[in-house]
Amino acid sequence: MFIIMISPECAPVAKVGGLGDVIHGLSAQLALNGHNVELILPKYDCLRYDRIQGLKNVYQGLWVPYYNQSIHCDVFWGSVDGLSCFFIEPHSAQHFFDRRAIYGQNDDIERFAFFCRAALEFMLRTHKHPDIIHCHDWQTGLVPVLLFEMYSHLGMRHPRVCYTLHNLGHQGVTGEQVLREVGLHPPFFARPDRLQDNHNRSALNLMKGGIVFSNFVTTVSPRYAQEIMNSDLGMGLQPTLRAHNQKFGGVLNGLDYNVWNPESDPHIACRYTIGTLGDKSKNKTALRKRLWLREASKPLVAVVGRLDHQKGVELIAQSIPYCLEHGCQYVLLGSSPSPQITHRFELLKRLINDHPDCHLELGYDEELAHLIYAGADLMLVPSVYEPCGLTQMIAMRYGTVPVVRNTGGLADTVFDVDYATTPNENRNGYVFNDYNQAGLESALRRAIGLWFNYPDRFRELMANAMRCDYSWNQPAKHYSNIYQHIRA
Ligand code: ADP
């Protein structure tokens, strides 16, 4: 099949979080399985241009309607690890994608609404008729709306749309002007069964538009699919998802096993496999050296992730003194778009960074993340909610035992060593239920205790974690089936 991914992110050139990894990994696996896959992305000024091969301007006269004028765009093509990517560069007074950042601008809604229209206009002008358009999150929610209400009448009747919800915490709620921007007539869409927001009747919800107008909707784990249909985690979209449950399902994300592989990872100090698990400790030594931690017989607890309410910042902050008091070392790598959260962790860092067993690194550092996954013993993911979560899966790939909260994709991938109902050999970490300090400590206490008191059993747990298959193999097959289903 000919599949076009339309996305605001693709690792490693435009990555903020897991969405970037997913676009890269899923596209690569679909291509490997014989599909023809192309990607359309914004041409941000902050793309990692060093990771794009053969970038060239391939379409110069793309005029994209915007309100009652048109914006001139160039379209570039380049290869990202062998993936065929088109990058749209608008020459607008607003400099939509020249902001030195992917998100976090006051006009994000306008920027990505424009991107949706530009992507479709590019496909129309270049006569691309994919079998499947796969789009992602609120930023591309207008793609199916525009396709079925405008571009199908211009001749694009062939494509079917699969739409994936990566995080319902961001839905693109906005006013009617965004529809006028892209040439749609607001009264037709501002209805409860179309784009009207379920909370605020005078607002529109772009993610809801994506759900209503797509041929199939997925989210990134089976547990999260249930949670968002049946609990507050749907953040207002529960009735919409229930109304469309015939075309909705959860597909667990995979990991790109070429990027995340302790056997071949260029960013770690010593490569290892399940058979040479002893060599993992050389990465612990390298990590300690790099972050000025002392050499000692202590378990190393790590956190890698966005410092965001969703990720459980309260519990993360509480875990630091707990781990240090219980004989651990602690490493955190994280960044936050919120000035308050950044300030909080900067204060903590100032207080604690002279400690020989603790290092907080506030920022984004892809290479350091690899060394942390390889060097740590335990990876903490205490999320309030977690659509899928990649950090626990990456940790397991590196034999680092996850300690997670029982929610979303964390619940679908981590099986508690003491309490899970799965066979012993499938148990791969620690899980706690309640989002509070007692819950967190109940899991950390058991994990730290096993490391100190039963090192052989801890090693078995590491091996169990490494044996899990969280590659894109299975998920890509699920997506192929979904594509076949909506084509039929
Ligand atoms: P989310 O998409 O909600 O941010 P995921 O767990 O799905 O969370 O994916 C997070 C991805 O981003 C992982 O690949 C993780 O290693 C990476 N990551 C998050 N924060 C950082 C950081 N500060 N530095 C390097 N990599 C990071």
### Query
Would you call VAL16 within 16 Å of the ligand (Cβ to nearest atom), buried (at least 18 other Cβ atoms within 10 Å of the Cβ) and touching a residue at least 40 places away in the same chain (Cβ under 8 Å)?
no
### Message
Cβ-Cβ under 9 Å, sequence separation 6+ or interchain: first residue in the stretch 323-336 and touching a residue at least 60 places away in the same chain (Cβ under 8 Å) and within 23 Å of ASP308 (Cα to Cα), partner of a type in the set (A, V, I, L, M) and more than 9 Å from the ligand (Cβ to nearest atom). Which pairs?
### Response
CYS323/VAL301; CYS323/LEU378; CYS323/LEU380; CYS323/LEU444; CYS323/ILE448
### Query
Which of the residues that make up the stretch 275-308 are at pLDDT 95 or above, farther than 15 Å from LEU360 by Cβ and under 27 Å from the mean Cα position of the chain (by Cα)?
LYS280, ASN283, LYS284
### Residue ranges of strands (runs of 3 or more DSSP E) in the stretch 241-342 with at least 3 members crowded, with 18+ Cβ neighbours inside 10 Å and of a type outside the set (Ser, Thr, Tyr)
300-306, 329-335
### Task
Determine if the stretch 299-317 includes at least one residue that is over 22 Å from MET462 (Cβ atoms), touching a Leu at 6+ places or on another chain (Cβ under 9 Å) and not aliphatic (A, V, I, L, M).
yes
### Query
Any residue in the stretch 19-31 that is away from the ligand (no atom under 11 Å from the Cβ) and of a type outside the set (A, V, I, L, M)?
yes
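The values are calculated or read from the model by the stated rules, or taken from the named source; none is laboratory data. Quantities reported herein were computed from a predicted structural model and do not represent experimental measurements. Neighbour counts run over all protein chains shown; Cβ positions are idealised from the backbone, glycine included.
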